[in-house]
Amino acid sequence: MIYEGKAITVKALESGIVELKFDLKGESVNKFNRLTLSELRQSVDAIKADASIKGVIVSSGKDVFIVGADITEFVENFKLPEEQLVSSGLEANRIFSDFEDLNVPTVVAINGIALGGGLEMCLAADYRVMAEGAKIGLPEVKLGIYPGFGGTVRLPRLIGTDNAVEWIASGKENRAEEALKVGAVDAVVSADKLQAAALDLIKRAISGELDYKAKRQPKLEKLKLNAIEQMMAFETAKGFVAGQAGPNYPAPVEAIKTIQKAANFGRDKALEVEAAGFAKLAKTSVAESLIGLFLNDQELKKKAKAHDAIAQDVKLAAVLGAGIMGGGIAYQSASKGTPILMKDIREEGIKMGLGEASKLLGKRVEKGRMTTAQMAESLSAIRPTMSYGDFGHVDIVVEAVVENPKVKQAVLAEVEAAVKEGTILASNTSTISISLLAKALKRPENFVGMHFFNPVHMMPLVEVIRGEKSSDEAVATTVAYAKKMGKNPIVVNDCPGFLVNRVLFPYFGGFSKLLSFGVDFARIDKVMEKFGWPMGPAYLSDVVGIDTGHHGRDVMAEGFPDRMAVEGRTAVDVMYEANRLGQKNGKGFYAYETDKRGKPKKVSDPEAYELLKSIVAEQRELSDEDIVNIMMIPLCLETVRCLEDGIVETAAEADMGLIYGIGFPPFRGGALRYIDSVGVAEFVALADKYADLGALYQPTEKLREMAKNGQTFFG
Ligand SMILES: NC(=O)c1ccc[n+]([C@@H]2O[C@H](COP(=O)([O-])OP(=O)(O)OC[C@H]3O[C@@H](n4cnc5c(N)ncnc54)[C@H](O)[C@@H]3O)[C@@H](O)[C@H]2O)c1
């Protein structure tokens with residue numbers, strides 16, 4: 001044994017060939033944590049010191065090669081001052097360069113996924129052999145940073161600037177055939193032949209049949225592009241990538257700028273450019289938010305998994321109501337492999353639900369994601385019915401009829417009588433308290449909320465609501481069913497609006513205030529879209545439906561009269577009374593025309609402006625910053641209240657709920673991380689500045705305490 005550590009071993013294979021194997025003890029995958037990096041340093045030194053070594057094969061003892069850096073370590077690491085980040089980056093890079101500079105040939109056997117630092121390790125070797133099923137890529141931009149172990153230097157020198165820019169700026173994972181095509185790897189073989197192929201390569205390099213030094217050389221030199229070619233490649237790429245990523249996600253463009261800046265340098269100088277840019281990105285709030293988001297998502301998955309032990313298997317589901325939501329739920333369940341009965345009281349309802357499902361399936365066939373046979377199979381897994389005939393075999397029923405407590409209670413009592421004892425009943429209500437609906441049931445312990453978002457097939461979140469009497473089994477089974485449907489479930493406690501809508505309505509409260517000050521809604525939309533929302537509040541109201549918003553607002557006002565009570569006529573009342581219901585009837589805040597592709601296109605409508613004149617209480621001149629604050633403060637404070645009231649258990653779940661449920665700008669990390677990034681004390685002071693706008697702008701006592709004590713939501 002030449003080296004033996006907890007993450008890496010180096011041992012002799014045969015006639016001067018050694019194997020450097022990554023196999024992190026106590027973990028299911030290999031990752032580049034501090035330990036692995038320091039052991040790589042020692043391994044490389046040990047190889048260097050042993051003159052008998054003639055060649056090195058790098059391999060993995062796990063199913064994956066190396067999944068990338070240990071992202072949990074980023075949080076601590078990135079707190080270091082920028083200069084220290086640069087120097088630790090350069091120190092890490094010296095290890096990879098020393099490995100690359102070994103006086104003997106090196107071959108990597110990529111048996112499974114090799115991402116980020118994992119791929120950068122491979123790039124430092126002379127030759128790469130890849131197993132057919134493996135995937136490689138540099139996904140760092142998804143975390144608001146770029147590759148920092150030489151990826152921006154070695155990849156363009158190996159596969160050409162255009163390909164490297166595409167790989168790095170998109171962060172995509174690449175299959176073996178793509179990797180081979182662009183020259184990122186030298187050979188692709190079936191998994192069982194990988195070791196033999198690596199051995200064969202190294203022997204040929206040792207014997208001199210392959211010139212490994214010539215193979216290595218381009219990675220040590222400047223890029224092979226003349227000035228004009230460079231300008232063409234980089235300027236076009238920057239423009240295109242900036243357009244795709246948008247101004248709030250700087251990392252992809254920074255990566256291109258770095259490749260460009262280092263284009264005329266040899267490896268070592270180029271690595272210095274990379275390290276400087278990496279440290280800058282690591283210190284941005286975008287990187288902090290996106291890394292936080294990744295870690296929050298991990299926490300969410302862990303929490304959802306904890307329910308598995310007591311969850312019942314859902315073999316057959318049912319949905320009541322074949323409307324917008326019912327149709328979407330049926331499609332999602334069937335296409336993910338759980339057959340579902342779809343019941344409605346109206347023939348047209350069923351036709352609509354089925355029509356919606358077959359439209360969505362048809363689109364998947366069109367895009368080549370599904371065969372027509374699979375489409376037929378999914379469609380036949382949706383069984384439309386107008387009776388409770390087969391409900392005796394159903395494991396879970398999702399109720400998605402109209403949003404009316406009396407109707408829902410009646411329907412739930414009716415279905416309870418038609419199902420077996422252990423069947424879980426779940427309501428897809430958007431706002432009505434689960435404990436209230438449970439009052440109509442004989443077995444309230446089997447009842448929970450299962451709140452999907454529209455459109456069901458697109459929106460990743462499902463809120464699973466635990467009512468006062470819901471059992472752990474009912475919650476666990478619903479969580480498991482949501483996961484099986486490909487969704488991210490978050491368990492929340494009961495209150496009107498649950499987490500997401502309880503937080504969304506105060507945001508609309510802010511919107512109402514702005515309109516009462518005479519601010520143009522189209523300007524508000526623009527400002528909030530620039531802030532990072534996928535659509536502004538006026539457009540969102542039109543998409544959701546003014547009637548839905550109007551109704552929800554009243555339910556929330558009843559639930560939280562101290563701060564959500566409606567004061568006088570608002571913009572939503574005006575629109576509702578004028579029968580401007582939004583996209584569904586072609587006019588709301590905007591008017592809607594159909595574009596060439598048959599999609600609704602919003603246009604300005606003077607009539608809407610005329611109507612809104614009646615609700616302007618007082619004309620105020622407000623800056624764009626005021627608009628953001630007036631919209632965001634109520635949303636953030638309500639999220640704080642949800643956490644304090646125990647509606648949601650952790651800050652991570654609250655933030656992820658908003659990102660997955662309503663498209664809160666991911667680069668801002670969620671409402672609570674947004675407060676952290678403003679500074680808790682600064683945020684409280686900001687809210688106090690708008691105190692005249694009412695109770696929605698009132699920080700909680702606990703938040704004031706946090707501000708005083710210098711606490712944050714995320715460490
Ligand atoms: N639309 C959304 O954006 C959205 C989002 C999340 C949750 N929700 C909630 O989902 C539920 C359904 O909303 P929707 O937008 O799909 O409504 P919808 O009006 O499109 O559909 C409701 C369907 O229920 C049917 N129905 C009525 N009474 C019934 C009964 N007794 N048995 C069976 N079917 C019956 C109706 O015929 C209709 O087809 C509501 O509680 C709503 O608050 C809606």
Check your understanding: How large is Rg over Rh for the range 545-659, taking Rg from the Cα atoms and Rh as the Kirkwood inverse mean of 1/r across Cα pairs?
Key -> 1.03
Study note, to complete from the structure: Relative contact order in percent for the range 3-283 (Cα pairs under 8 Å, 6+ apart) equals 18 percent
Exercise for review: Enumerate by residue number the trypsin sites (Lys or Arg not before Pro) in the range 195-265 meeting two conditions: DSSP loop (anything except H, G, I, E, B), and at most 14 other Cβ atoms within 10 Å of the site's Cβ.
Suggested key: LYS224
Exercise for review: First check a/c for the range 242-286, with a ≥ b ≥ c the square roots of the eigenvalues of its C-alpha gyration tensor; if it is under 1.5, answer rounded, and if not, answer prolate when a/b is larger than b/c or oblate otherwise.
Suggested key: oblate
Review point. So what are the ³J(HN,Hα) numbers for the range 220-231, from phi and the Karplus equation (6.51, -1.76, 1.60; θ = phi - 60°), rounded to whole Hz, Gly and Pro as x?
Key: 9, 9, 6, 5, 8, 9, 7, 4, 5, 4, 4, 4
Exercise for review: Identify the trypsin sites (Lys or Arg not before Pro) of the range 167-200 meeting these criteria: DSSP loop state and at most 11 other C-beta atoms within 10 Å of the C-beta.
Suggested key: none
Point to revise | Three-way shape call for the range 167-319 based on the alpha-carbon gyration tensor, with the a/c threshold at 1.5 | key: oblate
Study note, to complete from the structure: Sorted by chain and then number, the residues having a modelled amide H within less than 5 Å of the amide H of LYS283, at least 5 places away or on another chain, are none
Point to revise | Spacing of the two label points (7 Å from each Cα toward its C-beta) at GLU473 and THR236, in nm | key: 6.4 nm
**Study point:** Estimated 222 nm signal from helices in the chain, with DSSP H stretches of n ≥ 4 weighted -39500 (n - 2.57), rounded to 500
**Key:** -16000 deg cm²/dmol
Check your understanding: For the range 3-283, what proportion of DSSP beta bridges, expressed in % and rounded to the nearest 5, is antiparallel?
Key -> 35 percent
Practice item. Apply the Karplus parameterisation 6.51 cos²θ - 1.76 cosθ + 1.60, with θ equal to phi minus 60°, to every residue of the range 88-95 and state each ³J(HN,Hα) to the nearest whole Hz, in sequence, with x for glycine and proline. Key: 6, x, 5, 5, 4, 5, 4, 5
Practice item. Please work out the C-alpha center-to-center distance from the range 500-550 to the range 615-630 and express it in whole Å. Key: 13 Å
Practice item. Would you work out which of ALA134, MET342, ALA522 lies farthest towards the positive end of the dipole of the chain, given +1 charges on the beta-carbon of Lys and Arg and -1 on that of Asp and Glu, about the Cα centre? Key: ALA134
Practice item. List, in order, the whole-Hz ³J(HN,Hα) value for each residue of the range 327-338 obtained from phi through the Karplus relation with A = 6.51, B = -1.76, C = 1.60 and θ = phi - 60°; use x for Gly and Pro. Key: x, x, 5, 4, 4, 5, 5, 5, 6, 9, x, 10
Review point. Between ALA417 and LYS439, how many nm apart are label points set 7 Å from Cα along the C-beta direction?
Key: 2.0 nm
Point to revise | Helix 521-531 axis, angle to the chain major axis (alpha carbon atoms, nearest 10°) | key: 30 degrees
Exercise for review: Determine the relative contact order of the range 476-580: mean sequence separation of Cα pairs under 8 Å and six or more apart, normalised by residue count, in whole percent.
Suggested key: 23 percent
Exercise for review: Hand me the GluC sites (Glu not before Pro) from the range 468-533 located in a DSSP loop with no more than 15 other Cβ atoms within 10 Å, in residue order please.
Suggested key: GLU468
Review point. Quick one: which of 507-516, 454-463, 366-375 comes out on top by average Cβ neighbours within 10 Å, and what's the full order, highest first?
Key: 507-516, 454-463, 366-375
Review point. If you place +1 on the Cβ of every Lys and Arg and -1 on the Cβ of every Asp and Glu, how big does the dipole about the Cα centre of the chain come out, in debye to the nearest 20?
Key: 1380 debye
Exercise for review: Please report THR478, THR106 as a ranked list, fewest other C-beta atoms within 10 angstrom at the top and most at the bottom.
Suggested key: THR106, THR478
Study note, to complete from the structure: For the range 314-494, averaging the sequence separation of alpha carbon pairs under 8 Å that lie six or more residues apart and dividing by its residue count, the contact order in percent is 20 percent
Review point. For the range 339-421, what is the largest minus smallest coordinate of the Cα atoms on each principal axis, given in angstrom and ordered from greatest to least?
Key: 43, 26, 18
Study note, to complete from the structure: Which residues qualify? For VAL462, with a placed amide H closer than 5 Å and at least 5 residues away or on another chain, they are ASN488, ILE490
Review point. So for the chain: antiparallel DSSP bridges make up what percent, rounded to the nearest 5?
Key: 30 percent
Practice item. Taking amide H positions as placed in the peptide plane 1.01 Å from N, state which residues far from ALA184 in sequence (5 or more) or on other chains have amide H under 5 Å from it. Key: none
Point to revise | Per-pair calculated FRET efficiency, R0 = 25 Å: ASP554 and LYS301 via Cβ, rounded to 0.05 | key: 0.10
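Where a number appears in this text, it was derived from the coordinates with a stated rule and is not lab data. Just so we're clear, the structure is a prediction, and the values are computed from it rather than from any experiment. In this analysis, Cβ positions are derived from the backbone assuming ideal geometry, glycine residues included, and neighbour counts consider all displayed protein chains.
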